[in-house]
Amino acid sequence: MQTLSSIVEGDGEVPALPVLLRRLGEWLTPHVYTEIATPIRVRRDQFLNKEPEFSRHLKLAAAKCGGTGWVLILLDADDDCPATRGPEILTRAQLVLPHKSISVVLANREYEAWFLAAAQSLDGQRGFRFDPADAVAPETPRDAKGQIGRRMIGGRYREITDQPAFSARMNLEQARARSRSFRKLCSEWSRQVGE
């Protein structure tokens, strides 16, 4: 058994990511049990731009996952290119924790883009309506939260409650097929846990 400790930036990701990661484990590595620690929430700009904050949170994550565990940094890419920014963050993190397994995944553009990638499977959940005519490339819109909100009865997406609920219900195959950044999360899980 190993423990995964994660660093996230959103309030909704604190309850949502453990739900999603447990589902990934059941799907990708059902033969291996991975303990999922409660995520550490950071302010993205301070975490990335202030070296003492970056180092402090990474060391806290390392302490939470123990000697054989691994650290996952999951942030929204926003306007950054995940293929460029992710390796840059990983290199910095490895300097702080040279003997620790670390993964960096940047959700392109937001965590909620993964819900857009699996939108068909969320039809009818929590007032969400999927209309194939409204389908968008999931990682293209800058405001994935807004895209989801506009498709919900009442027009409001509530990150704290809807994000964990959608993480529990989204079709993981659909998300992996339609989102490169979700495929990156899946491949990092398999690489770290499936070894």
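Structure values in brief
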quantity	calculated
R142/L95 FRET efficiency (R0 30 Å; Cβ-Cβ; nearest 0.05)	0.45
About the Cα centre, charge dipole magnitude for the range 104-150 (Lys/Arg +1, Asp/Glu -1 at Cβ), debye	120 debye
DSSP-loop GluC sites (Glu not before Pro) across the range 74-125, with at most 13 other Cβ within 10 angstrom	none
Helix 180-193 axis, angle to the chain major axis (alpha carbon atoms, nearest 10°)	40 degrees
Rel. contact order, % - alpha carbon contacts under 8 angstrom, at least six apart, the chain	25 percent
Prolate/oblate/rounded call for the range 139-179, Cα gyration tensor, a/c under 1.5 rounded	oblate
Packing-based exposure ordering (other Cβ within 10 Å, fewest first) of C81, C186	C81, C186
Sorted by Cβ density within 10 Å, fewest first, the residues M170, M1	M1, M170
Semi-axes of the equivalent ellipsoid for the chain, Cα gyration tensor, largest first, Å	28, 18, 14
Ascending count of other beta-carbon atoms within 10 Å, so fewest first, for F130, F182	F130, F182
Lysines whose Cα lies under 25 Å from that of K100, excluding same-chain neighbours fewer than 8 positions away	K50, K59, K64, K184
Share, in percent, of DSSP beta bridges within the chain that are antiparallel, nearest 5	5 percent
Net charge dipole size for the range 2-193 [Lys, Arg +1 and Asp, Glu -1 on Cβ; Debye, nearest 20]	260 debye
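Each value in this text was obtained by applying a stated rule to the coordinates, not by laboratory testing. From a predicted model like this one, the values you see are computed outputs, not experimental measurements. Every residue, glycine as well, gets a Cβ built from its backbone with ideal geometry; the counts of neighbours run over all protein chains shown.
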